Amino acid sequence: MLERTPPVSAQETEQGPSPALVTTLAVAAGALVANLYYAQPLVASIAPEIGVGPDLAGSLVSVTQIGYGLGLFLLVSLADLVENRTLVLTTLAFTALGLVGAATAGSAAPFFAASLLIGIASSGAQVLVPFVAHLAPEKRRGRLIGNVMAAVLTGIMLARPASLFIAANFGWRAVFFASAALMVVIGVLLAKMMPRYTPRGGMHYGRILASMPKLLRDIPVLRWRAAYQALLFGAFNMFWTAAPLMLAERFGMSREGIALFALAGAGGALAAPLAGRLADHGLAQAATAGAILAMGLSFWASEWAVVALALIALVVLTLIIDAAVQTNQVISQRIIFSVPAEIRGRVNALYMTFTFAGGAAGSVLGTVTYHAGGWTMTALAGAGIGLIALALFALERWGAAKP
């Protein structure tokens, strides 16, 4: 049963959540996910101050990512068991606690513990996405999911330049203090605005987790959509792992220049609401094919842009890659949330776990391909991932067309 506070009129119920609520939920999702990326451009500053050597500096980011992966599977699935408003507010509180812990850490052990907590609790962002699907009327579900996912991608893209700017002016600890304050503000707003959603009872946490392999087996569209997005998000992470290296080496960009490039790439988030509208109008399959093609071709064309030192062309191709990944994400979640409401939390947990695993593999692949063959190999790998995703999509459509 969905309880709303304050009460809404019948007309408001039919139209779905208010723009103010959707905006607040979107900002919350984007701000939570951004916590995964604040430390990435700051490892050189953080590591020596907490006693971590250069060889292990990358683990400052890896621990947060590992925590997020655990949270996606173990915490997001609780959305089918625990009242969602309480769950989200709890994750915000623990995220703020972890951020303060990271900001005040004087050695490696407390920083790693805080980073793990930040990662686990930040997965609360993915509780908000099926929550929006619960609130949204069918005819507007894709659009509203698109609005929230646009904020998630914006959070990912803006986190690095924002952390660089704050750290340059106030030190790296200020980045974590600022985000902790933002979590508190968002928590206060959601406590006042977010309606309650209590899932149907009858299951305990052990049964929730035990049921997930069966859901993966019994919902073919979940497997297909998770595979597409794992591939595309892997390519996305591969691009953003290798691109800073390429921009510094081939274009001579400073850290600030790379941050501005990333800021320009955040424009790809604008594709999310459009993708939601396409899905709402029955164009999900065509948009999926277009997104996969656009991503693969843009990777292939990026090799020419780098060789020609055509920075504007590279920015445009970057926008297309980001928009393509975001388009497939919104459409996929619009499709998988067609399942019954009582299993949406677990379905999203499975989907996002596979997506995140693909992203983690892509981060490794970005380093490997760039060091092995420069941007040429990275671009070819991205185009190859596009081909694999397109082949899987064709296979799914062929199976669906069979009598």
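The values are calculated or read from the model by the stated rules, or taken from the named source; none is laboratory data. What you see is a predicted model; the values in this text were computed from it and never measured. A quick note on method: Cβ atoms are made from the backbone with ideal geometry, for glycine too, and the neighbour counts reach across all protein chains shown. These accessible areas exclude ligands, DNA and RNA; they are computed on the full protein's heavy atoms, side chains included. Shrake-Rupley method; radii C 1.70, N 1.55, O 1.52, S 1.80 Å.
Specify which residue in the list PRO48, LEU158, HIS281 is farthest towards the positive end of the charge dipole of the chain, using unit charges on the beta carbon of Lys, Arg (+1) and Asp, Glu (-1), about the Cα centre.
Ranked along the dipole, the leading option is HIS281.
What number comes out for the charge environment of LEU89, summing +1 per Lys or Arg and -1 per Asp or Glu over other residues with Cβ under 14 Å away?
+2
Report the Cα-based extents of segment 30-95 along its three principal axes, largest first, to the nearest Å.
Largest first, segment 30-95 extends 43, 19, 18 Å along its Cα principal axes.
Stretch LEU311-GLU49 to full length: gain in nm at 0.36 nm per residue minus the Cα-Cα span?
Length gained between LEU311 and GLU49: 90.7 nm.
FRET efficiency for ALA20 and PHE165, Cβ-Cβ distance as r, R0 = 30 Å, nearest 0.05?
FRET efficiency, ALA20 to PHE165: 0.60.
Give the longest segment of the chain that steers clear of trypsin sites (Lys or Arg not before Pro) in DSSP loops with at most 16 neighbouring Cβ atoms within 10 Å, not counting the sites themselves. Spell out each step's value before the answer.
Numbers: sites that count: ARG4, ARG200.
Of all site-free stretches, the longest is 201-403.
Give me the accessible area per residue for segment 101-230, probe 1.4 Å, as a whole number in Å².
On a per-residue basis, segment 101-230 sits at 39 Å².
Using only the Cα atoms of segment 168-271, what semi-axes does the equivalent ellipsoid have when each is the square root of 5 times a gyration tensor eigenvalue? Give whole Å, largest first.
Values for segment 168-271, descending: 37, 26, 13 Å.
With unit charges on the beta carbon (Lys/Arg positive, Asp/Glu negative), name the residue among ASN147, VAL63, LEU309 whose Cα is farthest towards the positive pole of the charge dipole of the chain.
Of the listed residues, the answer is ASN147.
I need the phi-derived Karplus couplings for segment 22-32: 6.51 cos²θ - 1.76 cosθ + 1.60, θ = phi - 60°, integer Hz, Gly and Pro marked x.
My calculation for segment 22-32 gives 4, 4, 5, 5, 5, 4, 4, 5, x, 5, 5 Hz in order.
Computing the accessible area with a 1.4 Å probe over protein heavy atoms, can you report the carbon and sulfur percentage for the chain? Before the final figure, lay out the partial values.
Values: 11530 of 16260 Å².
Result for the chain: 71 percent of the exposed heavy-atom area is carbon or sulfur.
Taking θ as phi - 60°, what are the ³J(HN,Hα) couplings along segment 241-255 by the Karplus curve (6.51, -1.76, 1.60), each to the nearest whole Hz, with x for Gly and Pro?
7, 8, 4, x, 5, 5, 5, 5, 7, 8, 9, x, 6, 7, 4
When the chain is fully extended, how far beyond the present Cα-Cα distance does GLU256 get from VAL184, taking 0.36 nm per residue of separation?
23.0 nm
Could you tell me the extents of the chain's C-alpha atoms along the three principal axes, largest first, rounded to whole Å?
58, 57, 38
May I ask for the net charge around ALA262, where only other residues with Cβ less than 13 Å from the Cβ of ALA262 are counted and Lys, Arg are +1 while Asp, Glu are -1?
Values: positive: ARG160, ARG255; negative: GLU256, ASP322.
Value of the local net charge: 0.
How charged is the neighbourhood of ASN348? Take every other residue with its Cβ under 13 Å from the Cβ of ASN348, and add Lys/Arg as +1 and Asp/Glu as -1.
+2
I need the calculated FRET efficiency for the pair LEU70 and LEU270, taking r as the beta carbon distance and R₀ as 41 Å, to the nearest 0.05.
The formula returns an efficiency of 0.85 here.
Enumerate the calculated ³J(HN,Hα) couplings along segment 364-380 in order (Karplus 6.51 cos²θ - 1.76 cosθ + 1.60, θ = phi - 60°), each rounded to whole Hz, writing x wherever the residue is Gly or Pro.
5, 5, x, 5, 5, 5, 5, 6, 7, x, x, 5, 4, 5, 4, 5, 5
Is it possible to state the helix-based mean residue ellipticity at 222 nm for the chain, with each DSSP H run of 4+ residues giving -39500 (n - 2.57), the sum divided by total residues, to the nearest 500 deg cm²/dmol? What is it?
Using -39500 (n - 2.57) per qualifying helix, the result is -27000 deg cm²/dmol.
Can you give me the relative contact order of segment 292-331 as a percent, contacts being Cα pairs under 8 Å and 6 or more apart?
Relative contact order of segment 292-331: 53 percent.
From Cα pairs below 8 angstrom and at least 6 apart in sequence, can you work out the relative contact order of the chain, rounded to a whole percent?
Across the chain, relative contact order equals 24 percent.
Per residue, how many Å² of accessible area does segment 246-312 show with a 1.4 Å probe?
With the other protein chains kept in place, segment 246-312 gives 48 Å² per residue.
Placing unit charges on C-beta atoms (Lys and Arg positive, Asp and Glu negative, everything else neutral), compute the dipole magnitude of the chain about its Cα centre in debye, rounded to 20.
800
Let's test this: bin the Cα-Cα distances of segment 282-381 at 10 Å from zero up to the farthest pair and state each bin's percent.
So the P(r) values, bin by bin, are 14, 35, 32, 14, 4, 0.
Please give the length that would be gained between THR367 and ILE388 if that part of the chain were fully extended, namely 0.36 nm times their separation in residues minus their C-alpha to C-alpha distance (nm, one decimal). Please report the intermediate quantities before stating the final value.
Numbers: separation 21, 0.36 × 21 = 7.56 nm, distance 2.04 nm.
Contour length minus the Cα-Cα distance gives 5.5 nm.
What residue among GLY106, GLY386, GLY69 shows peak mean-square fluctuation when the chain is described by a Gaussian network model with Cα springs under 10 Å?
Maximum fluctuation in the GNM of the chain, among the listed residues, is at GLY106.
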